1. If I go through the stretch 102-114 residue by residue, how many of them are at pLDDT 95 or above and outside any helix (DSSP H, G or I)?
2. Are any residues in the stretch 74-90 part of a loop (DSSP other than H, G, I, E, B), under 22 Å from the mean Cα position of the chain (by Cα) and surrounded by 13 or more Cβ atoms within 10 Å (Cβ to Cβ), and if so, which ones?
3. Please pick out the residue among Phe170, Phe177 that is among the aromatic types (Phe, Trp, Tyr), touching a helix residue (DSSP H, G or I) at 6+ places or on another chain (Cβ under 7 Å) and within 24 Å of Gln68 (Cα to Cα).
4. Hey, among the residues in the stretch 150-186 that are part of a strand (DSSP E or B) and open to solvent by 70 Å² or more (accessible area, probe 1.4 Å), which one's nearest to Tyr100 (Cα to Cα)?
5. Quick test of your reading of the structure: Lys142 fulfils all but one of (1) touching a residue at least 60 places away in the same chain (Cβ under 8 Å); (2) out of contact with any Ser or Thr (no Cβ under 7 Å at 6 or more places or on another chain); (3) not hydroxyl-bearing (Ser, Thr, Tyr). Name the failing condition by number.
6. Conditions first: (1) surrounded by 13 or more Cβ atoms within 10 Å (Cβ to Cβ); (2) in a loop (DSSP other than H, G, I, E, B). Leu93 passes all but one, so which condition is the exception?
7. For the stretch 112-130, does any single residue satisfy the condition of being among the β-branched types (Val, Ile, Thr), in contact with a Lys or Arg (Cβ under 7 Å, 6 or more places away or on another chain) and open to solvent by less than 40 Å² (accessible area, probe 1.4 Å)?
Amino acid sequence: MMNKVLPFVILAIGLALVPQFLESNGSLDVNEPVASASKVSSQNSSRAALQKQQQTKNSAHYTSGKRQVSIKADARGHYIASFKANGRPIKGLIDTGATYIAMNETTARQVGLRVSASDFKHTATTANGKTSAAFAKLDRLKIGSIEVSDIDVFVLKNRSLSETLIGMSFISKLSSFKVENSKLILTQ
């Protein structure tokens, strides 16, 4: 009978000494309660999943703490993208040669900008020639993860401008922009 009980006694003494060994080894934190094997396995798989998520995030632009958006050039070499102006969707052509954002009256109304006939007291030069323009302020303009606020805009008559131009009044508020491999990369 003693031969049958002795292995269990040795096993029990060994298991009792494991926590002391781990504690002295620095592998066990004495303040943490000991969990069951299934709970530890579940916690380890949850930790592994969380670490994998963090590695994926860190391999993106989050490593630098900056937000980036990459826009592929279209067939004409233009950079056209979807934006949210004051929370409303618009298409915009990024134009580094334009000083300001320029949009027509219809788009301005759609994004909540109100201009009256008396506001058209400025002159703007476009590809179609000179036209009158009204100065306005856009609360915010967002593209992807990049969001800029308090941006100068010129509103032009509908006949003068068919698409929204995203000029330097937006781009200059970013930390950088560059063209690489036919892509425009905006960084905030």
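The values are calculated or read from the model by the stated rules, or taken from the named source; none is laboratory data. On a predicted model such as this, the values are computed, not experimentally measured, just so you know. Neighbour counts run over all protein chains shown; Cβ positions are idealised from the backbone, glycine included. The area values use the complete protein model at the heavy-atom level, side chains included, leaving out ligands, DNA and RNA. Shrake-Rupley method; radii C 1.70, N 1.55, O 1.52, S 1.80 Å.
1. We begin by selecting, within the stretch 102-114, every residue at pLDDT 95 or above; these are 102-113.
Now drop any that are not outside any helix (DSSP H, G or I), which leaves 102-104, 111-113.
Looking only at that region, the number is 6.
2. The first filter runs over the stretch 74-90 and keeps only residues part of a loop (DSSP other than H, G, I, E, B), leaving 74-79, 86-87.
From what is left, the residues that are under 22 Å from the mean Cα position of the chain (by Cα) are 79, 86-87.
Selection gives Tyr79, Asn86.
3. Values: Phe170 fails: touching a helix residue (DSSP H, G or I) at 6+ places or on another chain (Cβ under 7 Å).
Only one candidate passes the filter, namely Phe177.
4. Here is the first cut: in the stretch 150-186, the residues part of a strand (DSSP E or B) are 150-156, 164-166, 176-180, 183-186.
The next check asks that each one be open to solvent by 70 Å² or more (accessible area, probe 1.4 Å); those that pass are 150, 177-180, 183.
On the way: Asp150: 12, Phe177: 16, Lys178: 18, Val179: 20, Glu180: 24, Lys183: 22 Å.
So the residue we want is Asp150.
5. For Lys142, the exception is condition (1).
6. So the condition that Leu93 fails would be (2).
7. Initial filter on the stretch 112-130 (among the β-branched types (Val, Ile, Thr)): 115, 123, 125-126.
Of the ones still in play, those that are also in contact with a Lys or Arg (Cβ under 7 Å, 6 or more places away or on another chain) are 123.
Among the residues that remain, those that are also open to solvent by less than 40 Å² (accessible area, probe 1.4 Å) are: none.
Checking the stretch 112-130: not a single residue is among the β-branched types (Val, Ile, Thr), in contact with a Lys or Arg (Cβ under 7 Å, 6 or more places away or on another chain) and open to solvent by less than 40 Å² (accessible area, probe 1.4 Å).
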